[in-house]
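Here the structure is laid out as structure tokens; the discussion comes afterwards.
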């Protein structure tokens, strides 16, 4: 079994449909991860334990998704020495997701959270893989191949578009 390098956490199971995109990307790159629910408001003790100990368990990066007030990524970043990638999620009690975006984006000096787009868990997975790749050449090669595939897809679409005009 591979060593778990990335932790994906979310405030509620209602966030799972969005956060699965991060897990799928990590699967594609062959990066082992764990996934859990850690609520900043409903399980503060679990949050503190998780954030205090993730680095001791060998985790290299944390992806934290949250909607509404979206305190989870910032609270983890306040406690953990690890890089935290925040995924703002448009939730049922959200103000079109802007509350989540701003809560995660507008962190005070000294407590950074890398913030991706609203519901952007796929990009969070890619960013986590890029962070892991700084210590793993094989992962870096997979990322380079992924970027080549993105380029080829765009070039094919551009060529097809030109044929239609």
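The numbers here are math on the coordinates, done by the rules we state, and not lab data. Bear in mind the structure is a predicted one, so any value in this text is a computation, not a measurement. Cβ sites come from the backbone with ideal geometry, for glycine too, and all protein chains shown count toward neighbours.
Filter the stretch 77-101 for residues that are touching a strand residue (DSSP E or B) at 6+ places or on another chain (Cβ under 8 Å) and farther than 19 Å from residue 14 by Cβ and give the result.
Of everything in the stretch 77-101, those that are touching a strand residue (DSSP E or B) at 6+ places or on another chain (Cβ under 8 Å) and farther than 19 Å from residue 14 by Cβ turn out to be 77, 80, 82, 83, 84, 85.
When you go through 11, 67 one by one, which is the residue that is farther than 30 Å from residue 141 by Cα, touching a residue at least 60 places away in the same chain (Cβ under 8 Å), surrounded by 22 or more Cβ atoms within 10 Å (Cβ to Cβ) and touching a helix residue (DSSP H, G or I) at 6+ places or on another chain (Cβ under 7 Å)?
Details: 67 fails: touching a residue at least 60 places away in the same chain (Cβ under 8 Å).
Step by step, each of 11, 67 is checked, and only 11 is farther than 30 Å from residue 141 by Cα, touching a residue at least 60 places away in the same chain (Cβ under 8 Å), surrounded by 22 or more Cβ atoms within 10 Å (Cβ to Cβ) and touching a helix residue (DSSP H, G or I) at 6+ places or on another chain (Cβ under 7 Å).
Failed condition for residue 20, given (1) farther than 20 Å from residue 133 by Cα; (2) without any contact (Cβ under 8 Å) to a residue 60 or more places away in the chain, with all others met?
(2)
Per-residue answers, yes or no, for (1) closer than 19 Å to residue 119 by Cα; (2) out of contact with any strand residue (DSSP E or B) (no Cβ under 6 Å at 6 or more places or on another chain):
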site: 3; (1), (2): no, yes
site: 17; (1), (2): yes, yes
site: 20; (1), (2): yes, yes
site: 26; (1), (2): yes, no
site: 44; (1), (2): no, yes
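Kindly state which helices (runs of 4 or more DSSP H) lie completely within the stretch 96-165 and contain at least 1 residues that are over 22 Å from residue 72 (Cα atoms). Don't jump to the end; show me each part of the working.
Details: elements: 98-105, 121-133, 137-164.
In the stretch 96-165, the matching helices (runs of 4 or more DSSP H) lie at 121-133, 137-164.
Which ones in the stretch 113-147 are within 23 Å of residue 94 (Cβ to Cβ) and loosely packed, with under 15 Cβ neighbours inside 10 Å?
Scanning the stretch 113-147 gives a single hit, 117.
Just to check your reading of the model, which residue among 80, 100 is farther than 21 Å from residue 16 by Cα and buried (at least 18 other Cβ atoms within 10 Å of the Cβ)?
Answer to the check: 80.
Among (1) touching a residue at least 24 places away in the same chain (Cβ under 8 Å); (2) over 15 Å from the mean Cα position of the chain (by Cα); (3) over 19 Å from residue 113 (Cα atoms), there is one condition residue 31 misses while meeting the rest; what is its number?
Evaluating residue 31 over (1) touching a residue at least 24 places away in the same chain (Cβ under 8 Å); (2) over 15 Å from the mean Cα position of the chain (by Cα); (3) over 19 Å from residue 113 (Cα atoms) leaves (2) as the failure.
Given the residues 5, 72, which is the only one that is in contact (Cβ under 8 Å) with a residue 60 or more places away in the chain, surrounded by 18 or more Cβ atoms within 10 Å (Cβ to Cβ) and more than 29 Å from residue 142 (Cα to Cα)? Step through it out loud before you land on a result.
Numbers: 5 fails: more than 29 Å from residue 142 (Cα to Cα).
Among 5, 72, only 72 is in contact (Cβ under 8 Å) with a residue 60 or more places away in the chain, surrounded by 18 or more Cβ atoms within 10 Å (Cβ to Cβ) and more than 29 Å from residue 142 (Cα to Cα).
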